[in-house]
Amino acid sequence: MRLPSTRFLIGLVTVIVVCVAAAVLWKRSADTPPAAGPPTTVTCVGGSEKSELMADAEVQRILREAYRLEVTFQPLGSYDQVQLSTDEIKARKLDCLWPSSASAQGVFEAQHAGAFPDYRAENLLQSPEVIYAGPRGTDALIRKGIVQRRGERYFVVNMKGLLLDHVVKRGTWEAIGAADLRGPITLASTDPAKSNSGFTLAQLQLNIIATADGFSAPSLAQARKALPTMRALHDAQGLQSRSSDSGFREWLTQGGEFKAPLYAGYENQIIQQVVQSGDNSAALLKNVRVLYPDPTIYSDHPLLALDPAAGRFVDAMKDPKIQEIAWKRYGFRSAVQVGANDVADFPGIGLADQIRAAPAPAADVTLALLSCMKNATTCA
């Protein structure tokens, strides 16, 4: 049998080498995102509590390198966002809104039905509404049976009693034996007409006052009967901050419970402060107690995409690494990954791993409550 010539063998080897090299190059090109032009810019307005998350350098890098997106984020109150007219949204060239409430999403959808053909929305993050307190006020409320301690966690088990028997009736801290605290018992928050953390508290209060069990969202008829009481709770607070982020920082820096013995906000706010405090976190937590209303309301963070570019932003924010950063640096619980958040990541805060929650009111009730918070004459 005649053997292949040397020239033939060399040619065969050359063909094999070329084929292997081509396969390797094809594999690399399949694994590597194709070269593209500059990233797509997405302009979004959202709740102030997400400002630091969206300014995070690693989050920006992931969005840019993995998803070819540059996001311009501008803080704006949740209900201010969703009540922008269609013309205003288009004039400002907004691609998305990112309120801090599913109720705000409902208001947007009720008022802008069909205005944005590519509209889609998805809840990405969440944080329960909590009440921040100090050791003196907490101990006094435990003695009154309003707050219950379970291990290292605190739960407000009688919110209706706190609101109707003490706040509305202008009870005092002296009357319930709170050491060193003076004046009327109030439940402070940001301005519910401007800021979602304050409005989420108002929604929770409305559920508790307007319904028999506090675990239900009221009908519009039930809500209207409770609006005068809601206005009384609002007026008891006095001047309120307009921003969730700045309001909580003011509470911490201006004395905590000596500024306001009870202050409502998001759970993620204390986590973010602990992360930023580093080695000083123990000193911070010494005078802060996290009280979970039982039930509470979750503050959802649905991203409302108005065009396809913002739709890509929705998908990008579900990236597991971004979701991990949102929890471990900024305290937002994931709304898309089951089991992604371990409260043991933050020992010493007293975070609850399981929380009973009530639904937020529907859009018609939300608008009636918001109108009452803005204008007392609409509460009757």
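The values are calculated or read from the model by the stated rules, or taken from the named source; none is laboratory data. Because the structure is predicted, anything quoted here is derived from the model rather than measured. Backbone-built Cβ (ideal geometry, glycine too); neighbour counts: all protein chains shown. Just the protein is used for accessible areas: all its heavy atoms, side chains included, with ligands, DNA and RNA removed. Shrake-Rupley method; radii C 1.70, N 1.55, O 1.52, S 1.80 Å.
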**Prompt:** Given +1 on the Cβ of Lys and Arg, -1 on the Cβ of Asp and Glu, and no further charges, what dipole in debye does the range 215-357 carry about its Cα centre, rounded to the nearest 20?
**Reply:** 380 debye
**Item:** Helix 267-277 vs. the chain, principal-axis angle (Cα, 0 to 90°, nearest 10)
**Value:** 70 degrees
**Request:** Return the aspartates and glutamates within reach of LYS160: Cα separation strictly under 19 angstrom, same-chain partners fewer than 8 residues apart disregarded; answer none if there are no such residues.
**Result:** GLU129, ASP139, ASP213, ASP235, ASP294
**Complete:** Taking the alpha-carbon centre of each part, the distance from the range 290-324 to the range 206-244 in Å is 25 Å
**Asked** So which aspartates and glutamates pass the test for LYS90, namely a Cα distance under 14 Å, with those fewer than 8 places away in the same chain ruled out?
**Response** ASP118, ASP307
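Under the rule a/c < 1.5 gives rounded, and otherwise a/b versus b/c splits prolate from oblate, where does the range 112-219 land using the Cα gyration tensor? List each step's numbers first, then the result.
On the way: a/c = 2.29, a/b = 2.11, b/c = 1.09.
Prolate shape, in that a/c is at least 1.5 and a/b is the bigger ratio.
Among rounded, prolate and oblate, which fits the range 304-364 when a ≥ b ≥ c are the square roots of the eigenvalues of its C-alpha gyration tensor, a/c under 1.5 means rounded, and a/b larger than b/c means prolate? Kindly include the intermediate steps, with their values, before the conclusion.
Details: a/c = 2.95, a/b = 1.31, b/c = 2.25.
The shape class here is oblate.
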**Request:** Would you look at the GNM of the chain, springs on alpha carbons closer than 10 Å, and say which of PRO295, PRO359, PRO347 moves the most?
**Result:** PRO347
**Fill in**
With the charge dipole of the chain built from beta-carbon charges (+1 for Lys and Arg, -1 for Asp and Glu) about the Cα centre, the Cα from ALA344, PRO361, GLN148 projecting farthest to the positive end belongs to ALA344
**Message:** Can you give me the angle between helix 196-210 and the longest principal axis of the chain, using Cα atoms only, in degrees from 0 to 90, rounded to the nearest 10?
**Reply:** 50 degrees
**Fill in**
Checking ASP165, ASP95, ASP307 against a Gaussian network model of the chain (alpha-carbon springs below 10 Å), the top fluctuating residue turns out to be ASP165
**Prompt:** Size of the dipole of the range 71-113 about the Cα centre, Lys and Arg at +1 and Asp and Glu at -1 on the beta carbon, nothing else charged, in debye to 20?
**Reply:** 100 debye
**Fill in**
Rounded to a whole %, the carbon-and-sulfur portion of the accessible area of the chain at a 1.4 Å probe is 54 percent
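Summing -39500 (n - 2.57) over the DSSP H runs of n ≥ 4 in the chain and dividing by its residue number, what mean residue ellipticity at 222 nm do you reach, to the nearest 500 deg cm²/dmol?
Working: 15 runs with 159 residues, N = 380.
-12500 deg cm²/dmol, from helical runs alone.
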**Fill in**
Treating only Lys and Arg (+1) and Asp and Glu (-1) as charged, each at its beta carbon, one finds that the chain has a dipole about its Cα centre, in Debye to the nearest 20, of 300 debye
**Item:** Phi-based couplings in Hz for the range 78-86 (Karplus 6.51, -1.76, 1.60; Gly and Pro marked x)
**Value:** 4, 7, 5, 4, 6, 9, 4, 6, 4
**Residue-wise HN-Hα coupling along the range 299-316, computed from phi with Karplus coefficients 6.51, -1.76, 1.60 (Hz; x: Gly, Pro)** = 8, 7, 10, x, 8, 9, 8, 9, 8, x, 4, 5, x, 5, 5, 4, 5, 5
**Item:** Average Cα contact separation per residue, the chain, under 8 Å, 6 or more apart, as relative contact order %
**Value:** 25 percent
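Name the shape class, rounded, prolate or oblate, that the alpha-carbon gyration tensor gives for the chain, where a ≥ b ≥ c are the square roots of its eigenvalues, rounded holds for a/c under 1.5, and otherwise prolate holds if a/b is larger than b/c and oblate otherwise. Working shown, then result.
Numbers: a/c = 3.00, a/b = 1.96, b/c = 1.53.
Judged from the Cα gyration tensor, the chain comes out prolate (a/c at least 1.5, a/b above b/c).
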**Message:** Longer than 29 Å from Cα to Cα, which of LYS259/LYS321; LYS144/LYS194; LYS144/LYS286; LYS194/LYS259 are they? Say none if no pair is.
**Reply:** LYS259/LYS321; LYS144/LYS194
**Prompt:** What angle, in degrees between 0 and 90 and rounded to the nearest 10, separates the Cα long axis of helix 244-253 from the longest principal axis of the Cα atoms of the chain?
**Reply:** 60 degrees
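Just to confirm, what accessible area per residue do you get for the chain at 1.4 Å probe, in whole Å²? Could you put the intermediate results ahead of the total?
Working: 17310 Å² over 380 residues.
Ligands and nucleic acids excluded, the figure is 46 Å² per residue.
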